[in-house]
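Bear in mind that the values in this text are calculations on the coordinates, not laboratory data. Keep in mind it's a predicted model, so treat the numbers as computed, not measured. Methodologically, a virtual Cβ is constructed for each residue, glycine included, from the backbone with ideal geometry; neighbour enumeration extends over all protein chains shown.
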């Protein structure tokens with residue numbers, strides 16, 4: 001956590017977003033470092049931690065009214081946290097299970113858990129009054145052909161299988177969310193994750209867009225913008241994920 005904290009602080013000093021959402025903390029609430037964040041102005045935070053696994057947090061310079069968490073599979077995993085800003089906008093921060101390596105729930109229970117989790121997200125989303133809401137997170141699925149380095153070669157690789165993609169798109173479409181990053185950057189290859197297994201990730205560029213920002217349609221404007229901070233993958237001792245950012249006038 002300490003190594004990642006230094007990277008996060010570096011990012012915050014350079015980019016200074018109003019709100020930061022984190023996934024896969026692998027720390028309890030007590031272990032989560034907050035004083036360093038507070039010194040940079042992130043004095044409002046909600047955290048749902050879990051020792052050595054999962055964990056999600058929202059850090060904000062803007063006051064937060066309330067927080068809640070969903071346990072979509074009923075197994076106690078810390079995979080969701082939500083907070084409402086003082087202007088009424090609700091932010092949902094998700095960490096979807098990675099799903100293991102074999103895309104077959106019969107021989108890989110982790111893949112089944114992933115499918116069940118995204119199906120539960122779909123059911124939750126269907127019942128929302130979808131206004132003034134933003135959904136972010138490591139959703140661990142790259143849904144579009146240009147969200148992976150090779151659509152054909154990854155069709156049987158967890159994160160881009162048709163079963164996962166169809167489920168995630170059902171969350172997006174049945175809830176009538178807008179995929180903000182693809183709304184703003186509609187063409188071309190776009191990645192937020194590069195494997196640690198590639199010794200020369202930049203040259204090989206075998207990435208996937210696993211990290212997402214969605215919004216309810218009433219928050220979609222022509223003047224907002226998004227970006228993915230690819231350069232962060234080249235930082236010292238980096239994460240395999242890089243920050244995804246979107247600007248809203250709300």
For this session: Under 12 Å from a label point 7 Å along Cα→Cβ of residue 116: give me every residue in region 55-71 with its amide N that close.
Result: none
Exercise. So, in nm, how far is label residue 218 from label residue 16 when the simple model puts each one 7 Å beyond its Cα toward the Cβ?
Worked result: 3.1 nm
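Between residue 104 and residue 169, 0.36 nm times their residue separation minus their Cα-Cα distance comes to what?
Numbers: separation 65, 0.36 × 65 = 23.40 nm, distance 1.96 nm.
In short, 21.4 nm is gained.
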Exercise. So what is Rg over Rh here for the chain, counting just Cα atoms and using Kirkwood for Rh?
Worked result: 0.93
For this session: Evaluate the distance, in nm, between pseudo-label points positioned 7 Å from the Cα of residue 236 and of residue 29 along their respective Cα→Cβ axes.
Result: 3.5 nm
For this session: Using DSSP, restrict attention to beta bridges with both residues in the chain and report what percent are antiparallel, rounded to the nearest 5.
Result: 85 percent
Exercise. With the contact rule set at Cα under 8 Å and sequence spacing of 6 or more, what percent relative contact order holds for region 96-247?
Worked result: 25 percent
Exercise. In nm, what is the difference between 0.36 nm times the number of residues separating residue 176 and residue 86 and their Cα-Cα distance?
Worked result: 30.0 nm
Seminar exercise, completed: the chain, Gaussian network, Cα under 10 Å: of 93, 200, 156, the residue fluctuating most is 200
Exercise. With each label point set 7 Å from Cα along the Cα-Cβ vector, what nm distance links residue 150 and residue 132?
Worked result: 4.8 nm
